[in-house]
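These notes are about the structure you will find just below.
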Protein chains: 2
Amino acid sequence: MRYELYYWPTIQGRGEFVRLALEDACANYLDVARSAKGMGALTRLLDSDKSPPFAPPFLKAGSLLIGQTANILQYLGPRLGLVPKAETTRLWAHQLQLTIVDLVDEVHDIHHPIASSLYYHQQKREALRRAPYFTDERLPKYLGYFENILAGHGRRSPYVLGKSFSYVDLSLFQIMSGLRYAFPRAMKKRERKLPRLASLAERIAARPNITAYLSSTRCLPFSEHGIFRHYPELDR
Amino acid sequence: MRYELYYWPTIQGRGEFVRLALEDACANYLDVARSAKGMGALTRLLDSDKSPPFAPPFLKAGSLLIGQTANILQYLGPRLGLVPKAETTRLWAHQLQLTIVDLVDEVHDIHHPIASSLYYHQQKREALRRAPYFTDERLPKYLGYFENILAGHGRRSPYVLGKSFSYVDLSLFQIMSGLRYAFPRAMKKRERKLPRLASLAERIAARPNITAYLSSTRCLPFSEHGIFRHYPELDR
């Protein structure tokens, strides 16, 4: 199967969670919008009559068109060997992924608390008020939640599902990378309490396919156009 | 199977999407936190070591504990006869439900644009600025998306999946009810362009188990403590 990923071609954004899964599994895939005429193809599928996605990312797998980041990962997981096959485990993995989706939404809304259609500088006053609630309350709550789950397993079960590596670990790596980029001060202060998440992120970065991806041109850099943006004034 | 639903006992909130599915299917379930000592049980499960949910609602099904509204519905769907069994259809239904989750998050953040831990009156200035972007841009985009999907089916296929009724229709009913409660002016103006969604909501309300539920004490009223809140100043 050759997968086609449709996502904005210039940012990591929500598409990165899917890219990491495809890359770790060495899947055969095309990042469509980064190829010639790819943006036209993306736009046409958004406007399609049958099963249109609400927004990117979406994945074409044969005749199937799948939208919503967590739904794509839930579909790819068993096919790429990135989640155990038992339904109970897959539901738990998906539940964790949906919690990551919630965190990502909150991170986006720090720099866009009023409207997606406005620029950051047009809602900076509100962003300045929102940011400390995120770094002081929400960031510790979300990351503490995942740290506790990791702590609940023994040393021989270093992944969020326990012994089994999964796409959720890849997404947690992306969360740690993104938060360190966007909020270096807040994360530096917080990471003392997150040794297991930090160690997980290190192990993921060292996986050969991820190391190769991160140093390739396929991997876009973080920037102030994506979800994780570094505005020093929001990280005091 | 006797299901146990765990959700805040005084609001419809996100739990209502699960309640509607259980009620329509006449499932055997307990709304735990509304029973004696139920809140204690809810809190204990939130603090549990094994597979703790991040937040309510969550569902206990035998020894399984499932969190995240859309994940609960994905699990219940085939078991309650509320979604076709084919994987392709279930993925599409779940994708639509996740889009409803996104809409619900945006509705919540209208009255809480700065922090969940603050009261509305403490972030009213920002809410007043955010609300018109929702009613003018996001509400038409989301509801127009679902209206178009309904329009794409023929007259003999009046549900969002086409011929098959599903839990997604029940959730769209809740969306229409909630938005009409919270934004009566904006919805009155908009509904002319949403005849199929309006007709769907009417048909859902007329389903015998839903009619019975809505007039029972099991159904909590909308209020200014839930997701859909009626603040006239946000509906100009």
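In table form, for the structure just shown:
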read-out: Leading residue by the ranking (surrounded by the fewest Cβ atoms within 10 Å (Cβ to Cβ)) among those in region B:87-100 that are touching a residue at least 40 places away in the same chain (Cβ under 8 Å) and more than 8 Å from every other protein chain (Cβ to nearest Cβ); value: B:89
read-out: The listed residue being away from every other protein chain (no Cβ under 14 Å), under 27 Å from residue B:7 (Cα atoms) and crowded, with 19+ Cβ neighbours inside 10 Å, out of B:204, B:114, B:175; value: B:204
read-out: Filter result for the condition that a residue is under 24 Å from residue A:15 (Cβ atoms) and not acidic (Asp, Glu), over A:164, A:171; value: A:171
read-out: Among (1) surrounded by fewer than 17 Cβ atoms within 10 Å (Cβ to Cβ); (2) in contact (Cβ under 8 Å) with a residue 60 or more places away in the chain, the one test that residue B:104 misses; value: (1)
read-out: Output for region A:138-171, where each listed residue is part of a helix (DSSP H, G or I), more than 16 Å from residue B:52 (Cα to Cα) and either away from chain B (no Cβ under 11 Å) or at pLDDT below 95 (or both); value: A:139, A:140, A:167, A:169, A:170, A:171
read-out: Positions within region A:22-69 being farther than 13 Å from residue A:7 by Cβ and in contact (Cβ under 8 Å) with a residue 60 or more places away in the chain, in sequence order; value: A:23, A:24, A:25, A:26, A:61, A:62
read-out: Qualifying positions in region B:36-54 - part of a loop (DSSP other than H, G, I, E, B) and in contact with a Phe, Trp or Tyr (Cβ under 7 Å, 6 or more places away or on another chain); value: B:51, B:54
read-out: Tabulated pairs, region A:70-81, first away from every other protein chain (no Cβ under 11 Å), second assigned to a helix (DSSP H, G or I) and of a type in the set (Ser, Thr, Tyr), C-beta under 8 angstrom, 6+ apart or interchain; value: A:73/A:167; A:73/A:171; A:76/A:167; A:77/A:167; A:80/A:167
read-out: For residue A:218: the one exception among (1) surrounded by fewer than 17 Cβ atoms within 10 Å (Cβ to Cβ); (2) in contact with a helix residue (DSSP H, G or I) (Cβ under 9 Å, 6 or more places away or on another chain); (3) closer than 25 Å to residue B:47 by Cβ; (4) not hydroxyl-bearing (Ser, Thr, Tyr); value: (3)
read-out: Any chance residue A:133 is more than 9 Å from chain B (Cβ to nearest Cβ) and farther than 30 Å from residue B:88 by Cα; value: no
read-out: Boolean, residue A:55 is facing chain B (nearest Cβ under 9 Å), hydrophobic (A, V, I, L, M, F, W, C) and over 13 Å from the mean Cα position of the chain (by Cα); value: yes
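The values are calculated or read from the model by the stated rules, or taken from the named source; none is laboratory data. These numbers were taken from a predicted model, which means no experiment stands behind them. Using ideal geometry, Cβ is built from the backbone for each residue, glycine included, and neighbour counts are taken over all protein chains shown.
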